[in-house]
Amino acid sequence: MLGLYKELAPRFLKVYADLSQTIVGALTDFRQEVESGAFPTMQHSYSIEDEELAKLLAQLSSHERIANSE
Amino acid sequence: MSTRSKVTTTTLKAKKQRGQKITLLTAYDFPMASFIEQAGIDVVLVSDAVGTVGNGRPEAVSVTVDEMIYHTRAVRNGARYSLVVTTLPFGSYNRVEDALHNATRLMKEGGADGVHLEGTRQAGNLVQAIVSAGIPVMGHIGVTKQKIVRAGRIQLPGRTAESAREIIQDALEMAALGLCPGRRMPAGAPGRDHHPQPGHSYHQHWLRYAL
């Protein structure tokens, strides 16, 4: 009825929407934006305050620093 | 799609080495899993959020291994090519024997390709046991939903130097165990996949988006 199961189309069923097309389209847009780096942006993120970041960088061990530069 | 091949942890590793992004979405049932697969997403996560988002409960602590198996079977039917990873629910991996037993059940009875757990450094021995049994494990750092019992709400870690450093250490531990990259990482947390890179917002590294 909502167009979620295209394989099942009995005669008594009237289709009122094509949700599968809408959903797959949205998910494909999501995948393409993630792959290209267009999403997520800072708008969708949380970040650390500069002061805390400076403290963190001062605390890191050499092992942790090596990992950072990779 | 006729040439499409099954996504494996080897495929994901190759993607990472080529510098490509890995995509992941959550599903609990057959129709959503098939839409995700049609969209070409690499990984489908059968998350214990099925308790809240999928079943309308106020919490996910009550989700059982049997429930995760039921939902994994439905997702597996919709996602034949995407990598299906199932969450070990709260309380199902406290001891090595439980972790092994339940991870094996998710694979054998659910048809999962791997398991996901909210592991921190403290869970290192559990992760090692599961990996040794030949079961791929997806690590998880940052926001840990299952710890809601302690805090009463989902907390956003990584906003202080101390908390961010803990996440970096968790990430290094998980990387040392050979785990594939985790998911939602908090502020100032690890950079490219599981290599910590404070100073970069974690926005580049989200792998999971719950539907």
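Quick notes on this one:
- Gaussian network model of chain A, Cα within-10 Å springs - most flexible of A:12, A:30, A:39: A:12
- Cα gyration tensor category, rounded, prolate or oblate, for the stretch B:1-139 with a/c compared to 1.5: oblate
- Likely footprinting exposure, B:138, A:42, B:32, fewest C-beta neighbours within 10 Å first: A:42, B:32, B:138
- Between the stretch B:6-84 and the stretch B:97-132, the alpha-carbon center distance in angstrom: 16
- Ranked A:44, B:140, criterion: other C-beta atoms within 10 Å, fewest first: A:44, B:140
Coordinate-derived values only; no laboratory data. Fair warning: this is a prediction, and the values are worked out from it, not measured in the lab. No Cβ is skipped: glycine too gets one built from the backbone with ideal geometry, and neighbour counts run over all protein chains shown.
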